[in-house]
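*Asks:* Structure below; questions to follow.
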Amino acid sequence: MIYKDYNDLSKDVIPSLNEYIDVHIEKYSLQPCLTKAMKYSIDSGGKRIRPLLLLSTFYTFSDDLPLEHLFAAAGALELVHTYSLIHDDLPAMDNSSVRRGKPSNHKVFGEAEAILVGDALLSLSFEWLSNMSFPTPTVTRLINILSHEIGPSGMVAGQMKEIVHKNEQLCIDDILDLDIKKTSSLILASVQMGAALADVPFRQQSILEKFANDFGLAFQIKDDIDDFCNDSKNIKNTIPSLIGIDNSKKKIRSLVLDAKKQLDNISEDTSLLESFLNYFKDEMV
Ligand code: GRG
């Protein structure tokens, strides 16, 4: 494996991945206003965690393919992530006028336009996957994983649960289920797609899935802790608002330890995947 650490990987990969995504949005989008509005949100400084997770999973098990061959799949994840943020910010959903410190998509381009930008990004993600030069069963598997994880049993289901129950206090198990669906699903898809591209055997696939679920849940709880501390808005159905900051950090620590334990069961060098857990370094003390 060429990369040992998240920071090395991201420094090396993010500029060329961004270039790939921009060039291919321009190539596939034939409507100038749509192209501009898609690129506005895609280029607004996301961490690219999901593409990097896909690439890291792949390179943990295989090192015989140049990065560029995986960019369509990595980029597809970022398109879906960006669509979910644009739609989540809409007045009918979270009604947020700022995203990554900049006006959200609908504030710049209008509400109807932002809905269409999300629709376009979602559709384009599957077009990119379907055009990949991998064996057909692999491409079909990628499409299957992504559509399953972001649809009515994954991300959209989680978002629906949040909206339907916004005026009532959910119990901890329901909040965990909501977080797993809303946030872990796409993170799970990232790891599963990296594993599918590298032809990872079944036993290791299920270990990686546990790792991804731990990471995804910890990721959402950390996001909610940060919002809880920085935002006066009291969102009821989050882990920190139900069990408090200290208990939420304890939950993150146990998820991170379990994630590490999962990786110990893989004989390949998992240092690259393990380095993603440094994202939670502030919660580990
Ligand atoms: C609208 C169908 C639909 C789904 C929305 C994912 C989601 C469901 C809503 C987005 C809002 C939210 C709080 C999502 C939780 C996931 C999360 C922590 C998103 C932020 O992800 P980062 O930190 O963002 O990777 P960057 O800015 O780095 O890309």
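The values are calculated or read from the model by the stated rules, or taken from the named source; none is laboratory data. Keep in mind the model is a prediction, meaning the values are calculated, not measured. Cβ atoms come from the backbone with ideal geometry, glycine included; neighbour counts cover every protein chain shown.
*Asks:* I'm told Asp12 meets every condition in (1) in a helix (DSSP H, G or I); (2) modelled with pLDDT of 95 or more; (3) not small (Gly, Ala, Ser) except one. Can you identify the failing condition by its number?
*Replies:* (2)
*Asks:* Kindly list, by first and then second residue, each pair from a residue in the range 74-97 that is among the acidic types (Asp, Glu) to a residue that is assigned to a loop (DSSP other than H, G, I, E, B) and more than 8 Å from the ligand (Cβ to nearest atom), limited to pairs with Cβ atoms under 6 Å and residues at least 6 apart or on different chains.
*Replies:* Matching pairs, first to second residue: Asp89/Ser96; Asp89/Ser104.
*Asks:* In the range 1-9, is there at least one residue being aromatic (Phe, Trp, Tyr), on the phi < 0 side of the Ramachandran plot, away from the ligand (no atom under 16 Å from the Cβ) and touching a Pro at 6+ places or on another chain (Cβ under 9 Å)?
*Replies:* Scanning the range 1-9 turns up no residue that is aromatic (Phe, Trp, Tyr), on the phi < 0 side of the Ramachandran plot, away from the ligand (no atom under 16 Å from the Cβ) and touching a Pro at 6+ places or on another chain (Cβ under 9 Å).
*Asks:* Check Asp43 against each of (1) surrounded by 14 or more Cβ atoms within 10 Å (Cβ to Cβ); (2) within 15 Å of the ligand (Cβ to nearest atom) and name the one condition it does not meet.
*Replies:* (1)
*Asks:* Condition first: within 9 Å of the ligand (Cβ to nearest atom) and under 13 Å from Ile239 (Cα atoms). Now tell me which residues in the range 163-194 satisfy that.
*Replies:* If the condition is that a residue be within 9 Å of the ligand (Cβ to nearest atom) and under 13 Å from Ile239 (Cα atoms), then Asp179 is the only one that fits.
*Asks:* In the range 212-264, how many are of a type in the set (Lys, Arg), without any contact (Cβ under 8 Å) to a residue 60 or more places away in the chain and within 15 Å of Ile180 (Cβ to Cβ)?
*Replies:* Within the range 212-264, residues that are of a type in the set (Lys, Arg), without any contact (Cβ under 8 Å) to a residue 60 or more places away in the chain and within 15 Å of Ile180 (Cβ to Cβ) number 1.
*Asks:* Same structure again: If you take the residues in the range 264-279 that are in a helix (DSSP H, G or I) and touching a helix residue (DSSP H, G or I) at 6+ places or on another chain (Cβ under 6 Å), which one is farthest from Gln220 (Cα to Cα)?
*Replies:* So the residue we want is Leu272.
*Asks:* Report, by residue number, each residue of the range 134-162 that is away from the ligand (no atom under 16 Å from the Cβ), of a type in the set (Val, Ile, Thr) and within 16 Å of the chain's Cα centre (by Cα).
*Replies:* Hits for the range 134-162 are Ile143, Ile145.
*Asks:* Only one of (1) touching a Phe, Trp or Tyr at 6+ places or on another chain (Cβ under 8 Å); (2) of a type outside the set (Lys, Arg); (3) farther than 27 Å from Leu217 by Cα fails for Pro135. Which number is that?
*Replies:* Just one mismatch for Pro135, condition (1).
*Asks:* Considering each of Ser248, Ser184, Ser232, Ser190 in turn, give the residue that is of a type in the set (S, T, N, Q), at pLDDT 95 or above and over 16 Å from the mean Cα position of the chain (by Cα).
*Replies:* Testing whether each residue is of a type in the set (S, T, N, Q), at pLDDT 95 or above and over 16 Å from the mean Cα position of the chain (by Cα) leaves just Ser248.
*Asks:* Show me the helices (runs of 4 or more DSSP H) found entirely inside the range 163-257 where at least 1 residues are among the charged types (D, E, K, R).
*Replies:* Filter on the range 163-257 gives 172-179, 202-230.
*Asks:* Count, please, the residues in the range 97-115 that happen to be buried (at least 21 other Cβ atoms within 10 Å of the Cβ) and hydroxyl-bearing (Ser, Thr, Tyr).
*Replies:* 1
*Asks:* Right, another one. Among the residues of the range 80-120, which ones are of a type in the set (Asp, Glu) and either within 13 Å of the ligand (Cβ to nearest atom) or touching a Gly at 6+ places or on another chain (Cβ under 9 Å) (or both)?
*Replies:* Selection gives Asp88, Asp89, Asp94, Asp119.
*Asks:* Select from the range 116-142 the residues that are in a loop (DSSP other than H, G, I, E, B) and crowded, with 16+ Cβ neighbours inside 10 Å and list them in ascending order.
*Replies:* Hits for the range 116-142 are Met132, Phe134.
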